[in-house]
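Quick one: the structure is below, questions incoming.
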Amino acid sequence: MKKKTHSEKETYDLAKDFAKKLKGGEVLCLVGDLGAGKTAFTKGLAAGLGVKGIVTSPTFVLMKIYPVKSSPAGILLETKLFNGVNKANHRIKEMAHIDAYRLKEGQELINIGAEEYFRDKECVTVIEWADRVKEIWPKGCTKIYFKILNGDERVIEVKK
């Protein structure tokens, strides 16, 4: 998916809509220059997941965990057996928001327990400045690239 946005609000809304596609267990690696829209995207994603309250970049604390409330998007996963009977219901219960801007290597995130969130099927993990910690990107992570065009125009590209 490749989209162009023309304002911070459009970036926010794009992410809010993108959140409806998440099932839990995703790690989103956000890459882009300062001011490219990573935080606006993360705030929209949080809103789409049902996070209540203000979402800010965890630049100095490295990681913040936000509880996910029930949302209009109905973040409910049904795992079905082959015969169509429900096996289990799972909810996305939290969003882990990581900011790798000040890090020199991914091991610093490993040291604070970030990998636990990478494996958590009831969590969506977002890593801003993910290009600084490429060596710890989990297999199958979703890469989201942000490019500044003119003024408030951005290109946002999602790659699996």
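The values are calculated or read from the model by the stated rules, or taken from the named source; none is laboratory data. Source: prediction; values computed, not measured. Glycine also receives a Cβ, built like all others from the backbone with ideal geometry; neighbour counts cover every protein chain displayed.
I'd like the residue in the range 17-56 that is free of Cβ contacts under 8 Å to residues at least 40 places away in the same chain, basic (Lys, Arg) and not in a loop (DSSP other than H, G, I, E, B) and, out of all such residues, is nearest to LYS3 (Cα to Cα).
So the residue we want is LYS21.
If we keep just the residues of the range 1-19 that are of a type outside the set (S, T, N, Q) and in contact with an Asp or Glu (Cβ under 6 Å, 6 or more places away or on another chain), which is surrounded by the most Cβ atoms within 10 Å (Cβ to Cβ)?
HIS6
Could you pull out the residue among LYS64, LYS87 that is over 20 Å from THR11 (Cα atoms), assigned to a strand (DSSP E or B) and at pLDDT 50 or above?
LYS64 is the lone residue from the list that is over 20 Å from THR11 (Cα atoms), assigned to a strand (DSSP E or B) and at pLDDT 50 or above.
Here's a check for you: in the range 97-154, which residue that is under 13 Å from the mean Cα position of the chain (by Cα) and part of a helix (DSSP H, G or I) is surrounded by the fewest Cβ atoms within 10 Å (Cβ to Cβ)?
Top of the filtered list is PHE118.
For the range 132-160, what are the residues that are among the charged types (D, E, K, R) and under 17 Å from PHE118 (Cβ atoms)?
The answer is ARG132, LYS134, GLU135, LYS139, LYS143, LYS160.
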